[in-house]
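Asks: Got a structure for you, written out below as structure tokens; questions coming shortly.
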Amino acid sequence: MRVSVDLCLVPLGVGVSLGPSIAECQRVINASGLDHQLGPDGTAIEGGWDELFACVKACHERLHQEGVQRIHATLRVNTRIDRIQSFRDKVNSVNRLMP
């Protein structure tokens, strides 16, 4: 099953700047080979169910290995079985409707 998620991962107790932790998580996502796009408040990721959730788990594990004691994450999950539609397709679909 193809899955699209919006992952927002917030490391707690690391100070004001989350950038270093987010960059570390992006390295994990890049290494996964899954299609993804970093956004201002989360990362869109697409792929198979097992691979995608393994990637989310790997992000948590990597940050814990880096010393982050607590992580709060929100995950919005989208599945669709009638056709293949990427997160980029969805954005383009809405943009075509705009004047």
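All of the numbers you see were taken from the coordinates with simple rules; none came from a lab. As the structure is a prediction and not an experimental result, all values here were calculated from the model. Here the Cβ is made from the backbone with ideal geometry for all residues, glycine too, and neighbour counts use every protein chain on show.
Asks: Along the Cα→Cβ direction, 7 angstrom out, place labels at ARG70 and ASP35. What is the inter-label distance in nm?
Replies: Once both label points are built, they end up 3.7 nm from each other.
Asks: Next question, about the same structure. Applying the Karplus parametrisation 6.51 cos²θ - 1.76 cosθ + 1.60 with θ = phi - 60° to the phi angles of region 49-62, what ³J(HN,Hα) value in whole Hz is obtained for each residue in order, glycine and proline being reported as x?
Replies: Once θ is set to phi - 60°, the couplings for region 49-62 become 3, 5, 5, 5, 6, 5, 5, 4, 4, 5, 4, 4, 4, 5 Hz.
Asks: Let's see if you can work this out: charge +1 on each Lys and Arg Cβ, -1 on each Asp and Glu Cβ, no other charges. What is the dipole magnitude of region 2-97 about its Cα centre, in debye to the nearest 20?
Replies: 220
Asks: Still on this model: From the helices alone, meaning DSSP H stretches of at least four residues, give me the mean residue ellipticity at 222 nm for the chain, per-run term -39500 (n - 2.57), in deg cm²/dmol to the nearest 500.
Replies: Theoretical 222 nm ellipticity from helices: -13500 deg cm²/dmol.
Asks: Let me ask something additional. Skipping prolines and chain starts, which residues have an amide H placed within reach, meaning under 5 Å, of the one on VAL68, given they are 5 or more residues away or on another chain?
Replies: For VAL68, whose amide H was placed from the backbone, there are no distant partners under 5 Å.
Asks: For region 67-76, just list the computed ³J(HN,Hα) in residue order, Karplus coefficients 6.51, -1.76 and 1.60, θ = phi - 60°, integers in Hz, with x standing in for Gly and Pro.
Replies: x, 6, 7, 9, 10, 10, 10, 10, 9, 9
Asks: Over the chain, what is the mean sequence separation of C-alpha contacts under 8 Å (at least six apart), divided by residue count, expressed as relative contact order in percent?
Replies: With pairs under 8 Å counted, the relative contact order is 45 percent.
Asks: Amide H neighbours of ASP35 under 5 Å, counting only residues 5+ apart in sequence or on other chains, H built in-plane at 1.01 Å?
Replies: Close amide H contacts, sequence-distant or interchain: GLU46.
Asks: Oh, and also: Mind ordering 34-45, 71-82 by average Cβ neighbours within 10 Å, highest first?
Replies: Result, highest mean first: 34-45, 71-82.
Asks: Report the calculated FRET efficiency for GLU61 and CYS8 (r = Cβ-Cβ distance, R0 = 22 Å), to the nearest 0.05.
Replies: It comes out at approximately 0.80.
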